[in-house]
Amino acid sequence: MNLQALAPWACDPRRSRGRRLAEAASPPRNEHQRDRDRIVHSNAFRRLVYKTQVFLNHEGDLFRTRLTHSLEVAQLGRSAARALRLNEDLVEALALAHDLGHTPFGHAGQDALHACMQAHGGFEHNLQSLRVVDDLEARYAAFDGLNLCFETREGILKHCSRRNAERLVAAEPEHPARRFLVGQQPSLEAQLVNLVDELAYSTHDIDDGVRSGLVTMAQVSTVPLFAHHRAEVLAQHPALADKPGKRLLFETLRRMLSGLLGDLIAHTQAAVDEHRVADVDEVRRAPPLARLSPDARAACEELKRFLFAQLYRHPQVMESTARGRQVVSELFEAYRAAPGEMPEDFAAADDPARAVADYIAGMTDRFALREHHRLTGRRLFG
Ligand code: MG
C-alpha cells in the first residue's frame, strides 16, 4: 500500500492513535500491516476454519466457513479500499478479524450463550471479537491480547450495547466503545468492511444454499436482482441454460457481486464528496458514508429477506441450529457445575461465568461436539 496515495479522509497508519501499550515501530511494516500480521498468527484466526457460517463444518467440504468468508470479505474490502484510496492494510486487518469472536454453531451458538449469560452481563459477539484481540490471546510476553492499534480495535467493535460501552469507557476513557456513547461513526475503513461483509454473505449464502440443494435455482430466480443478472448471462451465453453443473449460478453471482461492489464504490465516493470530509475525525462525526445507492440497497434487502425465509429458516438448517444451541447451553451448564473440566487458566479465572463463556466461544464446532459428548455422554449430531 502506497501511503502517499491515501485519501485525506483515510486512516493513515503514521497518524494512528496508537496502542494501549506503546511499542517500538517495526519497519518496513506500517502499524496497520503489523496488526493484520498479528491477527493472522492468532489462535482465534486459525479456529475460524472449523467454525460455521450457515452450514455446520461437517455438513460438506465446499461450504463457506468463517475462515473462507473472512478471506472473501478481505478480498472485496481491499478492492473497494484501493478504488476509494482508503487504507487497504487496515481494511484487510478488520476483515480478517471481524468474526474472531463468533461462537461455534453460528448465530444459534451466540444466542444460546447470550441466554446463558443473561445474569452475568450477556454475550455480544462483536464485543467478544474485541475481547479476543484485547485480552484472550496469550502469545506475547509483555501483554495480554494482541495490543492492536486504536483504529483496528475501533473497527472490530461494530456494535456495543450502551451498558457495555459505559463499563468499558469507565475503565479506559479513550476506549473505542466511546463512540457508542457520543453517537459517532467509525472510520470509513470500518464502515466499508461492514458493508462488504453483508455483500459477501448475501452472495455466497445463495451459492451455498443452491449447492446444498436446500434452495433451487427456480426459487432464487424469483429475486429480481438475481433474475436480472441471470437473464443477462443467458442472453450472452444461451447454451449455459442446458449445461450440467453450476456455471450459470456462479456466473450470475459473480456479476451480481461485482455490480454491487461497483455501486458501493461509486456511492461511497459520492457521499464522501458531498460531505466534504477533510480527515478521519470528520468521517467519525459525519453520517455513515459507506453506502449503496437506494436501488442497490433495496435489492440487497430483498435478497436478504429471501435468504432468511428460504435458507436460514429452512427446516434442515433450523434443526441443526437447534441442536447447536443445545450443545452450547449444555456445555455452559456442565462447566459451571465443574469448572475443573476446563483448562486451568479458565478454571481459575476471577469471573467464573465469563470464563466459561470465553472458553465456549473459542471452540470450533467439532471441538464443542467432542466436549459435549465427553461431558454428557450423548451425541446430538449423527
Ligand atoms: Mg461476517
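The values are calculated or read from the model by the stated rules, or taken from the named source; none is laboratory data. The structure displayed is predicted, hence computed values, not measured ones. Neighbour counts are summed over all protein chains in view; Cβ atoms, including those assigned to glycine, are modelled from backbone coordinates with ideal geometry. Surface accessibility is based on the protein's heavy atoms, side chains included, excluding ligands, DNA and RNA. Shrake-Rupley method; radii C 1.70, N 1.55, O 1.52, S 1.80 Å.
Summary table
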| item | result |
| --- | --- |
| Most to least packed among 77-90, 166-179 [average Cβ atoms within 10 Å] | 77-90, 166-179 |
| Length-normalised contact order for the stretch 188-312 - Cα pairs under 8 Å, 6+ apart - percent | 37 percent |
| Partners for Lys243 among aspartates and glutamates (Cα-Cα distance below 14 Å; same-chain residues under 8 apart left out) | Glu251 |
| Gyration tensor (alpha-carbon) shape descriptor, the chain, a/c threshold 1.5 | oblate |
| Distance between the stretch 1-53 and the stretch 188-258 - C-alpha centres, whole angstrom | 32 Å |
| Convex hull volume per residue in cubic angstrom - Cα atoms of the stretch 1-86 | 132 Å³ |
| Highest to lowest packing among 333-343, 62-72, scored as the average C-beta count within 10 Å | 62-72, 333-343 |
| Label-point separation, Lys243 to Glu174 (7 Å along Cα→Cβ), nm | 5.5 nm |
| Stokes-Einstein D for the stretch 188-312, Kirkwood Rh over Cα pairs, 25 °C, 0.890 mPa s (µm²/s) | 156 µm²/s |
| Residues in the stretch 197-216 reached by a label modelled at Gln316 [backbone nitrogen below 20 Å; 7 Å Cα→Cβ] | 202-216 |
| Residues of the stretch 182-286: accessible area per residue with a 1.4 Å probe, Å² | 44 Å² |
| Ranked packing of 7-14, 30-37, most packed first, by mean Cβ within 10 Å | 30-37, 7-14 |
| Point-charge dipole on Cβ atoms (K/R +1, D/E -1) for the chain, about Cα centre, debye to 20 | 440 debye |
| Relative contact order, percent, the chain [alpha-carbon distance under 8 Å, six or more residues apart] | 21 percent |
| Prolate/oblate/rounded label for the stretch 238-287 (Cα gyration tensor, a/c 1.5) | prolate |
| Selection from Val215, His267, Ser202, by position along the positive dipole direction of the stretch 188-312 (Cβ) | Val215 |
| Theoretical gain in end-to-end length, Asp350 to Leu21 [0.36 nm per residue, Cα-Cα removed] | 116.1 nm |
| Whole-percent carbon and sulfur share, accessible surface of the chain, 1.4 Å | 52 percent |
